[in-house]
Each structure stands twice: as C-alpha cells, then as structure tokens.
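Take a look at the structure set out below.
The values are calculated or read from the model by the stated rules, or taken from the named source; none is laboratory data. All of these numbers come straight from a predicted model, not from anything done at the bench. As a convention, Cβ positions derive from the backbone with ideal geometry for all residues, glycine included, and neighbour counts pool all protein chains shown. Surface areas here come from the heavy atoms of the whole protein model, side chains and all, with no ligands, DNA or RNA. Shrake-Rupley method; radii C 1.70, N 1.55, O 1.52, S 1.80 Å.
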Amino acid sequence: MQDQGKQDNGEDGDPQVTRTVIDVLSGDVEFSSFLRAIQQIGMVPYLNALENITLLAPINSAFVIEDGFDSLSMKLENDIKRYILDSYITTDDIKLKGTLISKTFKNKKQYPILSFYDYDYETVFFEDSEVVEPDLFATSQNSIVHGISSLYKEHDNICNQLMNNLNSSKTILIFQKLIKDKETCGKLTNVTGFIPLDAAITFNEIELNYLTFSSIISETDRLKYINGHFTNGYVGGNVSDSQPLSLGTTLTSTSTSTSNCNSNVMVVADLNNNLHNITSQNHGHTVLIDELYKSNISNVLASDGILHFFQNDSFMVDPIVFTPRKYLLGLNNSIFVEELDFKHLNYLIDDNELEQTLFVTSSSSDEDFASISDSHKDGDLYQFVQGKIDLNSSKLVDSKLCYKKLGDNCQKIKITKLNEKILLNNHVYINEDIPKIEVGNTYIYLMDDNLTPPPRLDVATGPYFSCSKSMSYLDELGLIILPNNKKGYTLFLPCHEAWENLELTWEYLTQNKTALAILMENNIIEDLIYSDFTGEITSTTLTGDPIVISSNSSTPDDKNQLMSLNGTEFQIVKNSDILFNQGVVHVLEDVIFPKSLDITLQNLVETTKSFEFLKFLDLFNLSNEVFDNGYSLILPTPRSLLLENITLFTDPEFMSEFLRLHILPSTSVESLLNCESKIPTLLNNSNLSCRELSTGNYMLQIAEGKDKEVRILSKGCTSKTYYDGDVKSCIFLIDRPISPDWLNQPSSSIPHIKLPGVAMGIGALLGILIIFFVTSCFLIFFLGRNKSFESEILDERRGLLITDENDEDNNNTDTDTDGYGSIRIFRGNQYNEGTQGTQGAQATKTSKATKASTSNITNKSNQLHNSHGSSAVPDFSETNYSKNASSKPISVSTGIPGGNSGDSVGSDNFGHSFNPNHNSITDNNHNNNETAGRSIKKTNNNNNNDSFW
C-alpha cells in the first residue's frame with residue numbers, strides 16, 4: 001500500500017520522487033493554516049524526524065468553523081501532538097477492519113483516538129471529524145496524511161469521566177460510590193475500563209455499606225473489585241488490531257496485558273492479574289469479555305483511557321466472598337466485631353461453613369451500638385443460635401451461651417410469634433422492615449433493641465406476669481437466688497389469681513410459714529424442664545424429695561402442654577417460659593400442693609377462728625368422724641353464732657339438727673362447688689340449694705324449707721386431693737347459721753313474691769306508723785283508769801300466791817288451779833324469772849311428781865365449757881335462790897324428749913344417727929321422730945310427770 005501511494009502520488013507520476021510530511025502540507029493550500037501553526041512553534045524538524053505515523057491535518061475551514069479559533073490556538077506543542085498517531089493507517093484499513101483505536105502523543109504519554117467507517121455515509125471518521133482529503137503519502141518517512149474537516153476536542157481524563165456520570169444512558173452511580181475518592185480514581189491512567197452499569201451490580205445495601213466502610217478488610221475488597229474491572233493499555237474497536245500497552249500504574253501492582261491476535265481474540269490481564277479473553281463484534285462497535293459478557297456501550301474515549309459499559313458484572317474471575325464479619329461491618333456493628341475478636345470468637349463470623357443464626361441490633365451508627373454494647377459484654381455468645389432458624393412460629397432455641405451452672409446446657413432464647421410480629425424473650429422485637437439476611441450458612445436477624453442474657457429471677461418475673469405474690473413469698477423464704485446445683489432449676493410459679501382462688505387455704509398458708517415453705521420449695525425442680533419437653537424424667541425438688549415429671553401431649557387446640565408432677569396433672573401455655581439466669585419459670589393458674597404438705601379440714605376451721613364450732617363437734621363426739629372421713633363443713637362465722645345465741649348450752653335436739661345441717665357428705669362437695677340446686681346434707685331428707693347472685697357471689701338456702709338465704713363468704717379445701725386423688729374436703733364460710741327452724745314450715749307450692757328493696761322499705765315505714773298510732777291509743781285509754789283498780793288487782797294476786805304456798809304445804813298433788821305458774825327458762829348462762837308479789841319472790845311451778853335432777857348432757861356441757869376457759873353455769877338449787885324469797889324454787893328434771901336417755905336424737909340421709917350420750921355417729925335402719933325447735937317444751941309421760949327442756 002505504501003508503494004502504491006508512492007506511485008499514485010509521486011510528483012509528475014514519478015515513483016522515485018519522495019516527499020516528507022511537511023512537503024505534503026506545503027503542496028496543498030488547504031493546510032496553510034495548520035502548517036503556519038507548526039512553523040510558529042518550531043515543530044517542522046520534529047515532524048521531519050518521525051516515521052510510520054499518521055498525521056491528521058485540519059483544513060483551513062476547520063479553523064474558521066471553530067468560533068474564535070486561529071493558528072495561535074495551536075501554539076503549544078501538545079496541541080499539535082494530539083493530531084499525530086503512532087501507526088500508519090490508511091482509509092482502506094479502516095474500511096476493512098471497522099472501528100480502530102489508535103494512540104496519539106502528549107506529555108510523553110499515549111492517548112487513544114477512535115477511527116471508524118460510517119457505512120451509511122461511506123465516509124471515514126477520526127473521532128467526530130470527517131476525512132475530506134484521504135491518504136496523502138509522505139513516502140520518505142513511510143507516513144501518511146489525512147485531511148480532516150474539523151478540530152476535535154480534547155477528552156477529559158478517565159477519572160473525571162467516571163466521577164461525572166457521563167450521561168443518562170450510562171448510569172454508574174454505584175461504581176462511582178465504590179471509587180469514592182480522587183486518590184483511588186487518580187491512579188487510573190492509560191487503562192481500559194469494563195464498567196458495570198448500576199443495573200448490573202448485584203451488591204445489596206449491606207454489601208455496599210461494607211465496601212465503603214473504613215477498615216482494612218473492606219478497603220482491600222473494594223480495591224480488588226475496582227481492579228477487576230480495568231486492564232492496562234487501550235482495548236477497543238476491532239481487537240485484532242489493538243495493541244495493549246504495558247504502560248501505566250495499577251492500583252495494587254503492575255500487570256502486563258498480552259495480546260494474542262489469532263482468531264481475533266485478545267488475552268488481557270486485569271489489574272488483579274486475572275486473565276480474560278476479549279473479542280469484538282459489529283466491526284468493533286461491541287466488545288465481548290470471555291465470549292459471554294457483551295458491552296452495551298463501547299469505545300467511550302477519555303484523554304487517558306477507554307471505557308466500555310456492561311449490563312452484567314459476572315466476569316470477575318475472583319469475586320468478593322462475603323462473610324458474617326463483613327455483613328456485621330456493613331450493618332455498622334464494628335464494635336461488636338471488635339469484641340468478638342478480643343474474646344477470640346472471630347471464628348463465629350469468619351467461617352461461612354458454620355450453620356448458625358445471629359441476632360444483632362440494627363443500630364444506625366457505631367455510637368448507638370456502643371451505648372448498648374457495654375451492658376452485655378459477657379453475653380456476646382447469647383446472640384448466636386445453633387443452626388439456621390426460620391422465625392415462622394413460636395419456639396425455644398438454644399443459644400451458644402452455655403453455663404456450667406446450667407449443667408453445661410446452653411441458655412435458651414424464646415421466640416414468640418405475636419400476630420405478624422416476632423418477639424424475643426418477651427421484650428425485643430425483630431425488625432419487620434428488613435427480612436432475614438443470609439450470608440454463607442448464617443442467618444442474620446436485626447432487632448430493635450439489645451438482646452441480653454436472661455437476668456435474675458426477680459427481674460425476669462416482672463409485674464407483666466402477675467406473679468408478685470409468689471415472688472414476695474420466695475423473697476421471704478430466701479429463694480430468689482438459688483444455690484448453684486450445676487443443673488439449673490425449673491420453677492412452677494402460681495400467678496394471676498391462683499392464690500386468691502384458694503381463699504381460706506391461702507389464708508392458712510400466709511399464717512403458717514412452714515407450710516408455705518414446703519409448698520414453694522416443692523415447686524422448685526432441680527432440672528431444666530421447658531414447655532417443649534416431652535417424655536418422662538425423675539428429678540428432685542429443692543427439698544430433696546424425688547419427683548416424676550412427665551409431658552406427652554397437648555390440648556386439642558394445641559395451645560397448652562399437658563404436664564404432671566407425681567401424677568398431678570396441669571396445663572402450661574406453650575412457649576410461655578420465663579427464662580432467668582438459673583433456669584426457667586412456668587406460670588400456673590393453680591397452686592400445686594406437694595404430697596408432703598397436708599392441710600387438713602381442722603386447719604382451715606382454725607384459720608377462721610371458729611373455735612366454738614369445734615367445741616360443738618367435740619360435744620357431740622363428731623370431730624374424728626368429720627375430720628378423718630372426707631366430710632365438708634358449712635361454717636357460720638363466730639360472730640354470727642353469738643348473734644343467734646347458739647352456744648354449748650343450746651337445746652341438744654336443736655344442736656343435733658343444726659350440726660347435721662352444716663355437715664356435707666363427700667359426695668355433696670362438688671355439687672356445692674358447682675352451685676347446683678340440690679346439695680344433700682347429713683340431716684335426713686334435707687338438701688341445700690345454691691344460687692349465683694353475681695359472678696363469685698353465691699347464696700345458700702334449704703331446698704325444702706323457708707325462703708331464707710345465707711351468703712357464702714369464702715371457701716377453702718384441703719390439700720390431699722391435689723396429689724392423692726381423694727375426695728375434696730372443704731369448708732364454706734357463711735355469714736350466718738342455717739337454722740333448723742327454717743324446716744318447720746315446708747316450702748309452699750305457692751310462689752314467693754320477692755319485692756324490691758324500695759317497696760319493702762315503704763312497707764316497713766307504713767307498718768311503723770300504724771303500730772305507733774295503735775300504741776298511742778292504747779296508752780291513752782289505759783292511763784286514764786283509776787289507780788285504785790291497780791291496787792285491787794295487786795291484792796288479789798297476793799292472795800293467789802298465799803293459796804299456792806298452802807297447797808304445797810298440804811301436799812295437794814291432785815289439784816292444780818291453772819296448770820303452771822312462772823317458768824324458769826335456761827339459755828346459755830342466763831335465766832329469766834316471772835315476777836311474783838311486791839317482795840320479789842320468784843318461783844317455778846311444776847307438777848308434784850317432778851324430781852330435782854340435772855341431765856347428763858347439761859353436766860357435760862358445763863364441763864366442756866369450763867375446759868375452754870369459760871365460767872361454769874351455777875347449779876340450779878335452793879342455795880342459789882334468794883334468801884328473802886317467800887317461796888322456794890322447784891327443781892327441773894331434764895331428759896331426751898320422746899324417750900329415755902339412751903334413745904337416739906335423730907338420723908340423717910345416710911343412715912347415721914346422732915346421740916349426745918354416745919361417742920360416734922351410728923347407723924340406723926329406721927327413722928326416729930324428729931322434734932324441732934330450741935324452746936322449752938312440756939311433755940306428759942306415762943307416769944303423768946312433766947319434764948321440761
């Protein structure tokens with residue numbers, strides 16, 4: 001081609017005529033402006049010395065077109081050198097090979113220039129300048145001159161090209177962020193860049209934060225990533241004609257691009273010294289890396305490099321490997337990383353093969369993290385969980401924090417799914433905005449607060465769980481901090497209303513610290529039993545007693561777990577575990593009583609201070625029967641017994657019925673607890689009926705008696721049933737006694753009308769007014785009578801008394817003028833007397849056959865009363881009678897109404913009979929006649945003797 005140029009372009013057609021570059025410029029008037037500029041700066045000798053070059057000579061019109069541009073604008077040497085290419089290129093070469101990248105000279109450095117053939121216009125271009133006078137040969141220098149239509153502007157350097165985001169079609173904001181500073185960017189010169197567009201970069205936000213984080217490890221990875229996208233020299237256009245340079249400086253090392261032009265493939269090394277195959281398509285307008293990754297935009301020139309832009313970023317041979325450590329740095333948890341390094345726990349965040357889950361705080365800065373990190377420097381391991389955990393359900397998981405005091409068991413983390421929220425240990429929420437983060441075999445979850453190891457027992461069971469009463473008892477007993485047993489503890493803690501539901505039983509426990517200690521210590525197990533436990537184990541309580549714990553099934557709704565302690569079944573809510581530093585607490589709705597704690601019925605009666613009722617039971621020899629055989633008691637308050645004047649000296653028949661009416665057989669307790677309408681008592685054919693007045697308020701009445709009710713104030717049950725499965729024995733404290741008198745009139749079939757309180761009040765008021773009116777009239781009528789009438793009556797009564805005395809002296813046993821005189825009535829320690837005469841003589845008139853004797857039951861009552869510290873009732877005798885009395889008292893004999901002293905008083909529904917003179921409840925196959933009432937009754941025996949109660 002050079003010989004052809006010489007022949008075609010030799011002067012006068014003489015092929016032996018030679019010309020220089022200056023000769024070519026001088027021979028064409030179109031180059032006069034350009035030649036003058038060369039001459040002015042003294043570059044003629046420099047041009048004459050060059051060989052194998054291509055000179056791009058702007059024609060004169062190029063200087064006119066450029067506004068204000070003249071020869072003086074090219075007075076600098078570097079401006080002229082921009083138009084000198086370091087290779088011999090003809091227009092035929094460009095037409096044949098397509099797009100070519102050549103190099104110019106400037107400041108002893110080479111700069112790329114693009115030449116291409118426009119097939120539409122069939123024109124060759126250098127940059128954006130059209131070749132108007134092509135292929136002017138300078139044969140003596142083996143060079144060629146092309147006349148171009150315009151000057152071309154100088155390109156910015158590659159650093160500025162990258163940092164200024166070339167145009168909207170080449171969005172490289174992410175790559176710009178990774179270059180991040182002029183120092184890094186300034187090292188990129190005489191290079192070719194394979195730049196990924198934003199859409200091609202697959203880094204997530206955490207990885208980008210890590211790469212821009214200021215640390216040695218992140219800086220190393222960042223430079224590695226940048227170097228993987230550059231190669232030394234200029235690679236572009238038709239790569240078979242490209243000649244990569246060995247010049248330039250890499251960011252970490254000096255590498256050499258090698259060229260293998262066979263099969264139009266160029267092998268280049270990136271700045272990490274990883275090799276890539278570069279090919280071109282579409283006449284050099286498209287560049288391919290490793291024949292897989294095609295450029296979207298190619299051959300973008302800078303003053304010191306070439307840029308190609310890709311929609312794929314997978315061509316890096318040695319991509320960055322992310323680890324949990326790098327992710328933690330990207331999450332601004334560098335202080336946590338430093339702590340792990342300091343404690344030699346770095347293997348947890350550097351090994352991608354470990355299957356684990358990590359909970360970290362999503363702090364906005366290391367300063368925020370530092371403020372909370374100090375509180376758990378000993379608990380970093382607690383944030384790591386064995387295995388990869390998905391937070392799709394509530395569960396307990398093992399952390400990597402393992403204690404010797406837990407028997408080398410690892411402390412648990414409780415995960416609770418509450419609606420769509422995830423809660424850790426009841427107080428730390430998982431960040432909903434950031435899903436699970438996965439790096440290697442590690443899952444990372446972000447929390448809104450710090451996750452610390454479980455605290456002490458008293459802190460862990462805060463007011464949220466309503467366990468304050470149980471905690472106060474543990475505190476009183478010194479059980480808040482438990483001894484180190486190297487196994488851990490499980491506490492079954494009554495909470496919420498568990499204690500209140502015990503009522504009288506709870507009152508007994510608060511008065512008996514020994515019993516309370518037995519209960520609490522037996523609910524502390526020396527082992528770790530979590531709510532997800534299944535199977536059966538044998539362990540010991542804090543008292544050292546053996547205990548069998550079993551759990552094999554769930555409730556039908558799968559919300560509760562069924563467990564048992566020594567056979568006592570109960571339920572705990574799944575995943576309700578309260579974790580503390582020595583073990584786990586389970587919240588119970590009921591109190592579990594240990595086998596070693598025996599709260600008896602007598603204990604409960606004594607708790608109510610109903611000692612008088614205990615005397616009643618002793619009097620009738622019922623204590624052993626009631627307290628040892630599963631009976632229950634309906635217990636009136638001590639004050640109500642006094643108000644109703646029920647004492648040891650009350651009518652025995654009445655007391656017999658009274659006690660049986662307040663004793664329930666074992667089969668009746670559940671009926672009363674369930675507030676049923678028929679609750680059998682020990683009194684024959686007598687049942688109680690329960691009515692729920694309002695929630696928790698219950699009323700009792702005799703089902704077959706009057707419409708009178710008593711209120712149940714409280715209840716309490718023994719502890720035996722909780723372990724042994726025996727029938728419950730309970731006491732029910734009522735506000736007043738249930739009187740046998742209410743049985744006197746059986747309930748009528750006529751419905752009772754219950755008036756409201758206001759109507760009853762109005763009726764009472766009207767009744768008082770009527771009584772007041774009648775009484776006033778009566779007084780007015782009688783006060784107006786003559787006082788002499790009263791004197792006559794008084795004399796008449798004196799005469800009658802004298803007659804009575806004479807009758808007694810004469811032993812007139814067969815006559816009785818009016819049947820009886822005044823009657824002395826006993827009730828407790830008091831007696832009432834009828835008034836006789838002005839001298840105050842007092843007498844009791846009975847039949848002549850009456851003997852002066854005292855019944856055995858009265859003597860026993862006096863003895864029992866004296867034994868409990870009460871004063872004895874004075875004997876009824878003449879020595880106790882008034883010395884001034886004109887007549888002496890007549891003794892009263894006592895006995896069992898309707899029979900002799902050996903007869904039974906009565907029987908109950910279950911074949912039991914009561915006898916005050918016997919020591920037990922006996923069975924009968926027949927019904928005795930019942931006599932009701934507490935008043936003294938007059939009866940006639942076969943001997944026509946009168947006896948009085």
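When the residues of region 606-654 are narrowed to those that are under 16 Å from Leu664 (Cα atoms) and among the acidic types (Asp, Glu), which ends up modelled with the lowest pLDDT? Taking the candidates together, the pick is Asp628.
Results for (1) open to solvent by less than 50 Å² (accessible area, probe 1.4 Å); (2) modelled with pLDDT of 85 or more; (3) not aromatic (Phe, Trp, Tyr), shown as yes or no for each residue.
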| residue | (1), (2), (3) |
| --- | --- |
| Ile731 | yes, yes, yes |
| Asp735 | no, yes, yes |
| Gln745 | no, no, yes |
| Gly757 | no, no, yes |
| Ile762 | no, no, yes |
| Ile780 | no, no, yes |
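Please state which one of Leu457, Leu477 is within 22 Å of Asp527 (Cβ to Cβ), surrounded by 20 or more Cβ atoms within 10 Å (Cβ to Cβ) and not small (Gly, Ala, Ser). Going through Leu457, Leu477 in turn, just one is within 22 Å of Asp527 (Cβ to Cβ), surrounded by 20 or more Cβ atoms within 10 Å (Cβ to Cβ) and not small (Gly, Ala, Ser): Leu457. Restricting region 526-537 to residues that are of a type in the set (A, V, I, L, M, F, W, C) and touching a residue at least 40 places away in the same chain (Cβ under 8 Å) leaves a set whose member that is surrounded by the most Cβ atoms within 10 Å (Cβ to Cβ) is Ile529. Taking the conditions (1) part of a loop (DSSP other than H, G, I, E, B); (2) surrounded by fewer than 18 Cβ atoms within 10 Å (Cβ to Cβ); (3) in contact (Cβ under 8 Å) with a residue 12 or more places away in the chain in turn, Tyr152 satisfies each one other than (2).
Would you mind finding the one in Phe203, Phe213, Phe125, Phe137 that is assigned to a loop (DSSP other than H, G, I, E, B) and either within 28 Å of Val21 (Cα to Cα) or free of Cβ contacts under 8 Å to residues at least 40 places away in the same chain (or both)?
Matching residue, one of Phe203, Phe213, Phe125, Phe137: Phe203.
Looking at (1) in contact with a strand residue (DSSP E or B) (Cβ under 6 Å, 6 or more places away or on another chain); (2) under 24 Å from Ile297 (Cβ atoms); (3) without any contact (Cβ under 8 Å) to a residue 60 or more places away in the chain, which is the only condition Pro112 fails? It is condition (3) that Pro112 fails.
When we screen Ser314, Ser375 for residues that are at pLDDT below 90 and either crowded, with 16+ Cβ neighbours inside 10 Å or more than 23 Å from Ile415 (Cβ to Cβ) (or both), the only hit is Ser314.
Summed over region 430-445, residues that are open to solvent by less than 80 Å² (accessible area, probe 1.4 Å), assigned to a strand (DSSP E or B) and over 18 Å from Lys400 (Cα atoms) total 3. Identify the residue in region 604-624 that is in a helix (DSSP H, G or I) and among the hydrophobic types (A, V, I, L, M, F, W, C) and, among all such residues, is nearest to Cys717 (Cα to Cα). Ranking the candidates gives Leu604 first. Select from region 567-596 the residues that are in contact with a His (Cβ under 8 Å, 6 or more places away or on another chain) and in a strand (DSSP E or B) and list them in ascending order. Those that are in contact with a His (Cβ under 8 Å, 6 or more places away or on another chain) and in a strand (DSSP E or B): Ile572, Ile578, Val587. Filter region 528-571 for residues that are under 27 Å from the mean Cα position of the chain (by Cα) and of a type in the set (Val, Ile, Thr); which is nearest to Leu493 (Cα to Cα)? This residue is Ile529. Among the residues examined, Val287 qualifies as part of a strand (DSSP E or B) and either out of contact with any Pro (no Cβ under 6 Å at 6 or more places or on another chain) or open to solvent by less than 10 Å² (accessible area, probe 1.4 Å) (or both). Under the condition of being modelled with pLDDT of 85 or more and open to solvent by 50 Å² or more (accessible area, probe 1.4 Å), the residues counted in region 398-417 number 4. Checked against (1) farther than 27 Å from Asn190 by Cβ; (2) modelled with pLDDT under 80, Lys75 meets all criteria but (1). Residues of region 484-525 that are in contact (Cβ under 8 Å) with a residue 24 or more places away in the chain and among the acidic types (Asp, Glu): Glu497, Glu503, Glu507, Glu521.
Could you run through region 474-483 and say how many residues are touching a residue at least 12 places away in the same chain (Cβ under 8 Å) and within 16 Å of Thr543 (Cα to Cα)? Before the answer, list the steps.
The first filter runs over region 474-483 and keeps only residues touching a residue at least 12 places away in the same chain (Cβ under 8 Å), leaving 474-477, 479-482.
Then drop every residue that is not within 16 Å of Thr543 (Cα to Cα), which leaves 474, 477, 479-482.
So the answer is 6.
Scanning region 378-397 for residues that are open to solvent by 70 Å² or more (accessible area, probe 1.4 Å), under 26 Å from Pro435 (Cα atoms) and at pLDDT below 90 yields a count of 1.
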